[in-house]
Amino acid sequence: MNHLPQAWGRPRDDVYGPYDGSYLQNDGPNQHSQSPIVTGTSVLALKFKDGVVIAADNLASYGSLARFTDVKRLRKFAETSVVGFGGDVSDMQYLDRLLNSLDIEEAYGSTGHTLNAQNLHTYLAKVLYKRRSNFNPLWNQLLVAGLDGEGKPFLASADLLGTTFSSPSLATGFGAHLAQPLLRKVAPDEETASKLSLEQAVEAVKASMKVLFYRDARSIDKYSIAVVTKEGIDLKQDEKLENQSWAFAEQIRGYGTQVN
Amino acid sequence: MSSPFAINGGACVAMVGKDCVAIACDLRLGLQALTVSNNFPKIFSYGDVYLGLTGLATDVSTVSDLFRYKVNMYRLREERNIAPSTMANLVSSSLYERRFGPYFVSPVVAGIDQKSGKPFICGFDSIGCIDFAKDFIVSGTASDQLFGTCEGLWEPDLGPEDLFETISQALLNAVDRDALSGWGAHVYIIEKDKTTKRLLKGRQD
Amino acid sequence: MTMFSQNPLMNGPNYSFSQTPTMASGANKEHSFYPYTDNGGSTLAISGNDFMIMAGDTRSTSGYNINTRYSPKVFKIGGTTSSQDDATLVLSVVGFAADGHALKEKLDAIVKMYRYQHGKPMSVKACAQRLSTILYGKRFFPYYVTAILGGLDEDGKGAVYSYDPVGSYEREQCRAAGAAASLIMPFLDNQVNFKNQYIPGSGEGHALVERAKDPLPLVVVEALVKDAFDSAVERHIEVGDGLSMMLITKNGIEEKFLPLKKD
């Protein structure tokens, strides 16, 4: 330790060589995230007769490392909507804080009106689009599940570029490849989705989660699932994938060392 | 725009009709945006079979001459004309021989099988993958445009005169939306025992 | 040095501070974030004597994925309410959907304000100029879209204005835009403007007399639009699912939806 406060907490010059002060300069441009760091994988959602089912596993990966195995990626908003986050986890947490303060702000209003899922989706899409336009993206793709202004099931997606779309079933990330075809088989259009029962919807989503666990290397068998209806939100955050069968694994040929 | 397929420009299309086929090409030869010639036909006849070649002009000439040689040798050995389907396989295998140093051409074959009287058309990529089609084949820098016009104008079982009008309109309107193709066209209407070749003026700009 | 780093953020040596810097060090680094994407799809507009038709498919894509089968690209602009029941203009946007959406919202707000302040709907001509100004306003970070604006002009004739992403615009008889524009446009030249059609036996070579450009009736134009999209769907993977059409006449805007192939 020497007497100069500037040197406190820094590597000692006599041991590590002169300190590279260029890291401390603050006249450079602001640095924005150019890639996600800790990430969550797919989010799935499916509309049914009286609401929406949405699910995501509880893993936050650091590259290929399964870093945090108990991260809840479904967030409630105002007891009316659920947002499912894929992509960067720190950006998810930022958005969650943003939504919490929005919720509190809105609750102070005297109208008694709360934001529905459609409003929430518009808000999030605008936040994401603004951030991408400033070249400072929030690295997420998210699904917003709930009810719209007329009380009908609402499901829509928004991503880091501000792109938005809506569909009877949606899946982000790997799920767009693996789960979406399965979900579309159950609900090819709005008409079919509006006739699905809760049980059918939950079953389809759970089956898709299982397929994702089998084939998505960045997934885990612990997941959260939420059902949003006009009665409210039924959010379960500690589900475990059931009835796994790895029998198919023996049949897989063509990868790895074994050839035939 | 340094793809070898798009340096010289050009377009070719073939269509099936009722007991007839048609094949047509533009006449432009260019170097990027500069037009060098307005008389560079891209269809070559080999007896009963017609071959359209678009792509790199030097390869168009080389490949057309190569097939002239190969078809002549075939005729000497077999003492008969080559059939369209045989020609298709000859083109395919010849191009695949150059799998790792291909000719930059997109060939189209059209003709009528003299034995069965059946119309035959097909197209290839530059390494010989055959695309058999029941309706039409397009190739060249105006292929997107040709897909649009052909898909919009073509219908099954057109007679020779209607097929001529259809393929001509498809080609002319397609090349007018492509900066690298145009400057007139050649159209061949092939029937079992008659082939009619027509020259279209087209826009000269 | 970099290869021994344990810090994925820096791609360089570690230092003893617990916080990573928020400032970039030294020379500027290349940004790897690309703020655009292509959501595919195609649009098409044709004007007639006393009507115009604007149409667009409803598929939204990212790469080989279909985001949704229903995401309309054709919008009514400048009605007095959010329902747009009394709108007189239509806008289609194709390209990057997020920019398209932002552009539509912006133009809609401006045309609504005009209507509120002037007590009358904006003319297509004025709106067309305004849209050009909006697009050019983002000349150095453009809206990545091809826009087409439609309506009826001061004489009640169908009007189609087409744009490039930075605001060049032109009034035209017809225009196709988007992924399958190159497929549809030559077909339209032939069938709407009768390009390359001549009166048989009227002369030799360039002395031939062109077929008269008689204005097409609405039913014919509607059939052409359907044919154009059926053709595009057949040969372009980003086009399909549904066709959303707006027919503008002096009686207002009629919306139509037709299914397209979903493969």
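The values are calculated or read from the model by the stated rules, or taken from the named source; none is laboratory data. From a predicted model like this one, the values you see are computed outputs, not experimental measurements. Neighbour counts run over all protein chains shown; Cβ positions are idealised from the backbone, glycine included. Accessible surface is based on the protein model in full, side chains and every heavy atom, while ligands, DNA and RNA are left aside. Shrake-Rupley method; radii C 1.70, N 1.55, O 1.52, S 1.80 Å.
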Below 12 angstrom from the Cβ of B:Thr149, what's the summed charge of the other residues (Lys, Arg +1; Asp, Glu -1)? -3
For the protein assembly as shown, any Cys whose C-beta has no other cysteine C-beta under 4.7 angstrom counts as unpaired, and these are B:Cys20, B:Cys122, B:Cys129, B:Cys150, C:Cys127, C:Cys174
Which parts of region A:152-170, residue by residue, lose 40 Å² or more of accessible area when the rest of the protein chains are there, as against the chain isolated (1.4 Å probe)? A:Leu161, A:Thr163, A:Phe165
At a probe radius of 1.4 Å, figure out the A/C buried accessible area, summed over both chains, and give it in Å² to the nearest 100. 3100 Å²
Regression test value, accessible area per residue of the protein assembly as shown, probe 1.4 Å, units Å², expected 49 Å²
Check cross-link reach from C:Lys138 to the aspartates and glutamates: straight Cα distance under 13 Å, and skip same-chain residues fewer than eight apart. C:Asp99, C:Asp164
Summed side-chain charge close to B:Ser92 - residues other than B:Ser92 whose Cβ falls under 11 Å, Lys, Arg +1, Asp, Glu -1: -3
Buried by partner chains in region B:165-181 (accessible area down by at least 30 Å² vs chain alone, 1.4 Å probe, heavy atoms, protein only) are B:Gln169, B:Asn173, B:Arg177
How large, in percent, is the carbon and sulfur part of the accessible surface of chain C at a probe radius of 1.4 Å? 53 percent
Give the long-range amide H neighbours of C:Phe51: residues separated by 5 or more places, or on another chain, with amide H under 5 Å away, using H modelled in the peptide plane at 1.01 Å from N. C:Gly158
Determine by what factor the alpha-carbon radius of gyration of chain A differs from 2.2 N^0.38 Å, reporting the quotient. 1.21
All lysines inside 23 Å of C:Lys261 as judged from Cα atoms, apart from same-chain residues fewer than 8 positions distant: A:Lys185, B:Lys134, C:Lys73, C:Lys226
For the C and B pair, go ahead and give the buried accessible area with a 1.4 Å probe, both sides summed, in Å² to 100. 1500 Å²
For A:Ala156, what residues show an amide H to amide H distance below 5 Å, using hydrogens built from the backbone and excluding near sequence neighbours? A:Val144
Quick one: pull the percent of accessible area on region B:88-144 belonging to carbon and sulfur, 1.4 Å probe, ligands and nucleic acids left out. 51 percent
Which parts of region A:58-94, residue by residue, lose 10 Å² or more of accessible area when the rest of the protein chains are there, as against the chain isolated (1.4 Å probe)? A:Tyr62
Provide the per-residue ³J(HN,Hα) series for region B:155-166, in order, calculated from phi with Karplus coefficients 6.51, -1.76, 1.60 and θ = phi - 60°, each as a whole number of Hz, with x at glycine and proline positions. 9, x, 6, 7, x, x, 5, 5, 5, 4, 4, 5
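Which percent of the accessible area of chain A is formed by carbon and sulfur heavy atoms (probe 1.4 angstrom)?
The value for chain A is 52 percent carbon and sulfur by accessible area.
Just from its helices, what would the mean residue ellipticity at 222 nm be for chain C, if runs of 4 or more DSSP H residues each count -39500 (n - 2.57) and the sum is divided by every residue, rounded to the nearest 500 deg cm²/dmol?
Values: 4 runs with 65 residues, N = 263.
After summing the helix terms and dividing by residue count, I get -8000 deg cm²/dmol.
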May I ask which residue of A:Leu155, A:Pro137, A:Ala217 lies farthest towards the positive end of the charge dipole of region A:38-240, with charges of +1 (Lys, Arg) and -1 (Asp, Glu) on Cβ and the Cα centre as origin? A:Ala217
Under Stokes-Einstein, with the Kirkwood radius over Cα pairs standing in for Rh, what whole-number D in µm²/s applies to the protein assembly as shown at 4 °C and 1.567 mPa s? 44 µm²/s
Probe 1.4 Å, all chains present, heavy atoms only: B:Glu161 accessible area in Å², nearest 10, is 110 Å²
When the Cα centres of region C:105-125 and region C:210-263 are compared, how far apart do they sit, in Å? 27 Å
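Among the listed pairs B:Lys18/B:Lys197; A:Lys130/A:Lys236; C:Lys106/C:Lys157; C:Lys157/C:Lys213, which are separated by more than 24 Å between their Cα atoms?
A:Lys130/A:Lys236; C:Lys106/C:Lys157
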Add +1 for every Lys or Arg and -1 for every Asp or Glu among the other residues with Cβ under 15 Å from the Cβ of B:Val108, and state the total. -3
A correct Karplus calculation of ³J(HN,Hα) over region A:87-92, with 6.51 cos²θ - 1.76 cosθ + 1.60, θ = phi - 60°, whole Hz and x for Gly and Pro, returns x, 5, 6, 5, 5, 4
Using θ = phi - 60° and the Karplus curve 6.51 cos²θ - 1.76 cosθ + 1.60, what whole-Hz ³J(HN,Hα) does each residue of region A:217-226 get, with Gly and Pro shown as x? 5, 9, 10, 9, 8, 9, 8, 10, 9, 10
